[in-house]
1. Of the numbered conditions (1) over 30 Å from residue 74 (Cα atoms); (2) open to solvent by less than 80 Å² (accessible area, probe 1.4 Å); (3) not β-branched (Val, Ile, Thr), residue 45 satisfies every one except a single condition; which is it?
2. Any residue at all in segment 19-35 that's in contact with a helix residue (DSSP H, G or I) (Cβ under 9 Å, 6 or more places away or on another chain) and either at pLDDT 95 or above or in a helix (DSSP H, G or I) (or both)?
3. Limited to segment 53-72, what total is found for residues that are open to solvent by less than 60 Å² (accessible area, probe 1.4 Å), farther than 18 Å from residue 83 by Cβ and of a type in the set (A, V, I, L, M, F, W, C)?
Amino acid sequence: MKFKEAIVKILELALPYLKDLIESKVVPVLKRKAYERLNDFASDSIEDLTELYEKILNTEDEMKKKAHLEGFKLGVEAIGAIGSKLVEASEVLKSQLEA
């Protein structure tokens, strides 16, 4: 048997197992990483806004307080908009499975 034929035979036997391995191990890891990044982004945003809220409470300079308050409001609106967009996208994507 030639080397090329041997490799082809090995690949024919191995590829279904490799596919199963990738689907069972690699894909779940990628999903987990995606969820972790999204969670990190959300947690960091919430933490930043919490710190900004503390600045609002503790800042005596009215100009800085107003600036912090505007940033806080903008951040809260951004989180709400991102959350709404994610929920909407989730519903649309789920409906595609049902169609």
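1. (1)
2. Keep residues of segment 19-35 that are in contact with a helix residue (DSSP H, G or I) (Cβ under 9 Å, 6 or more places away or on another chain), which gives none.
Looking for residues that are in contact with a helix residue (DSSP H, G or I) (Cβ under 9 Å, 6 or more places away or on another chain) and either at pLDDT 95 or above or in a helix (DSSP H, G or I) (or both), one finds none in segment 19-35, hence no.
3. Matching residues across segment 53-72 total 1.
The values are calculated or read from the model by the stated rules, or taken from the named source; none is laboratory data. Because the structure is a prediction, the values reported are computed rather than measured. Glycine gets a Cβ as well: all are built from the backbone with ideal geometry, and neighbour counts include every protein chain shown. Side chains included, ligands, DNA and RNA excluded: accessible areas come from the protein's heavy atoms. Shrake-Rupley method; radii C 1.70, N 1.55, O 1.52, S 1.80 Å.
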